[in-house]
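The values are calculated or read from the model by the stated rules, or taken from the named source; none is laboratory data. In this text, all values refer to a predicted model and were calculated from it rather than measured experimentally. Methodologically, a virtual Cβ is constructed for each residue, glycine included, from the backbone with ideal geometry; neighbour enumeration extends over all protein chains shown. Side chains included, ligands, DNA and RNA excluded: accessible areas come from the protein's heavy atoms. Shrake-Rupley method; radii C 1.70, N 1.55, O 1.52, S 1.80 Å.
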Amino acid sequence: MYTVDELNDRLIDLAFAEDIGDGDHTTLCCIPADAMGTSRLLIKEDGILAGVEIAKRVFHRFDADMKVEVLMADGSPVKPGDVAMIVSGRVQSLLQTERLMLNIMQRMSGIATMTRRYVERLEGTGTRVLDTRKTTPGMRMLEKEAVKIGGGCNHRIGLFDMILLKDNHVDFAGGIANAINRCHEYLKAKDKNLKIEIEVRNFDELSQVLAIGGVDRIMLDNFTPSATRKAVEIIGHRFETESSGGITIDNLREYAECGVDFISVGALTHSVKGLDMSFKAC
């Protein structure tokens, strides 16, 4: 299995191959190879900055001689006119790394900004906001890092670090009892220690899970706020609880006030507008 750094480097390499191809002919035709310059990352919109560390990796992977002066760290609140970093080096390198750096930082900052809004809406409730696997292919590590920078929590990175028995798993397995029992048989046979979460769609399924046990968390899928409150009372802190489905920034706090431990929100990563910023010559 790849490390996070290895995955990020593979993403960077693929992105450069996609963007530059056999050469940035616009830059190569008009900028001398020995020309040196400096650019600054200019913020153009209120938000939460994210992606500074991976931006440094982008610059240095392309050209190890590039100098990066970080003025604002990941997680910093930013406003129009702020300068987040200053980068110096070969002008050809500045121009060829500009778009990849901006694509990553704009998206990560948009995710961090959106996450911070959800986190602030939950203040005082004790409920934490989770991301999902609804991420851009290849960018999951960066997008989930952005959620953390914004103050949220990662649900699971992928299919390998937690067991989540969703409705399709339950239906294909022939019911909740089969799904949970087979899960434990598998973990024992593979000598794995993974947390187990199961999704329930109604109170009948919830009753079955409570009777069987053997899980760490129960996901209440598409429950109304009133049904969520009732379910949390029935569960009574025997298992962690998570609300999912149909939850927006407008009804988020209503669900949190039902007493759930977590609320998962796919919109943190799948419906985000990038934070506006530009990379301009000084």
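Being part of a loop (DSSP other than H, G, I, E, B) and crowded, with 18+ Cβ neighbours inside 10 Å is the filter here; which residues of the stretch 125-139 pass it?
Of everything in the stretch 125-139, those that are part of a loop (DSSP other than H, G, I, E, B) and crowded, with 18+ Cβ neighbours inside 10 Å turn out to be THR127, ASP131, THR132, THR135, MET139.
Every residue in the stretch 209-233 that is open to solvent by less than 30 Å² (accessible area, probe 1.4 Å) and either aliphatic (A, V, I, L, M) or over 29 Å from the mean Cα position of the chain (by Cα) (or both), please.
Listed by number, the residues that qualify are VAL209, GLY213, VAL215, ILE218, MET219, LEU220, ALA227, ALA231, VAL232.
Touching a Ser or Thr at 6+ places or on another chain (Cβ under 8 Å), closer than 22 Å to ALA173 by Cα and not acidic (Asp, Glu): does that describe ILE218?
Yes: the conditions hold for ILE218.
Look at the stretch 171-208 and say how many of its residues are more than 24 Å from THR224 (Cβ to Cβ), in contact (Cβ under 8 Å) with a residue 24 or more places away in the chain, open to solvent by 70 Å² or more (accessible area, probe 1.4 Å) and in a loop (DSSP other than H, G, I, E, B).
Summing the residues that are more than 24 Å from THR224 (Cβ to Cβ), in contact (Cβ under 8 Å) with a residue 24 or more places away in the chain, open to solvent by 70 Å² or more (accessible area, probe 1.4 Å) and in a loop (DSSP other than H, G, I, E, B) in the stretch 171-208 gives 1.
To keep it simple, each residue is scored yes or no on (1) among the aromatic types (Phe, Trp, Tyr); (2) part of a loop (DSSP other than H, G, I, E, B); (3) surrounded by fewer than 21 Cβ atoms within 10 Å (Cβ to Cβ); (4) at pLDDT 95 or above.
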residue	(1), (2), (3), (4)
VAL87	no, no, no, yes
LEU94	no, no, no, yes
THR97	no, no, no, yes
MET105	no, no, no, yes
SER109	no, no, no, yes
THR113	no, no, no, yes
VAL119	no, no, yes, yes
GLU123	no, yes, yes, yes
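From the list SER243, SER271, SER278, pick out the single residue that is without any contact (Cβ under 8 Å) to a residue 40 or more places away in the chain, in contact with a helix residue (DSSP H, G or I) (Cβ under 8 Å, 6 or more places away or on another chain) and at negative phi.
The conditions single out SER243.
Checking ASP276 against (1) more than 30 Å from PRO77 (Cα to Cα); (2) out of contact with any Ser or Thr (no Cβ under 7 Å at 6 or more places or on another chain); (3) among the acidic types (Asp, Glu), only one condition comes out false. Which one?
Here ASP276 clears every test but (1).
Please go through the stretch 140-170 and give me each residue that is open to solvent by less than 40 Å² (accessible area, probe 1.4 Å) and part of a helix (DSSP H, G or I), ordered by number.
LEU142, GLU143, LYS144, ALA146, VAL147, ILE149, VAL170
Which of the helices (runs of 4 or more DSSP H) found entirely inside the stretch 1-75 contain at least 3 residues meeting this: more than 19 Å from the chain's Cα centre (by Cα) and among the small types (Gly, Ala, Ser)? Outline the logic, then answer.
On the way: elements: 4-20, 25-30, 52-62.
Once the helices (runs of 4 or more DSSP H) in the stretch 1-75 are filtered for at least 3 residues that are more than 19 Å from the chain's Cα centre (by Cα) and among the small types (Gly, Ala, Ser), nothing remains.
Among the residues of the stretch 1-25, what is the count of those that are in contact (Cβ under 8 Å) with a residue 60 or more places away in the chain, over 13 Å from MET101 (Cα atoms) and either in contact with a helix residue (DSSP H, G or I) (Cβ under 9 Å, 6 or more places away or on another chain) or among the β-branched types (Val, Ile, Thr) (or both)?
Filtering the stretch 1-25 for residues in contact (Cβ under 8 Å) with a residue 60 or more places away in the chain gives 1, 4, 7-8, 11-12, 14-16, 19-20, 24.
Subsequent filtering for residues that are over 13 Å from MET101 (Cα atoms) retains 1, 4, 7, 14, 20, 24.
From what is left, the residues that are either in contact with a helix residue (DSSP H, G or I) (Cβ under 9 Å, 6 or more places away or on another chain) or among the β-branched types (Val, Ile, Thr) (or both) are 4, 7, 20, 24.
Number of matching residues: 4.
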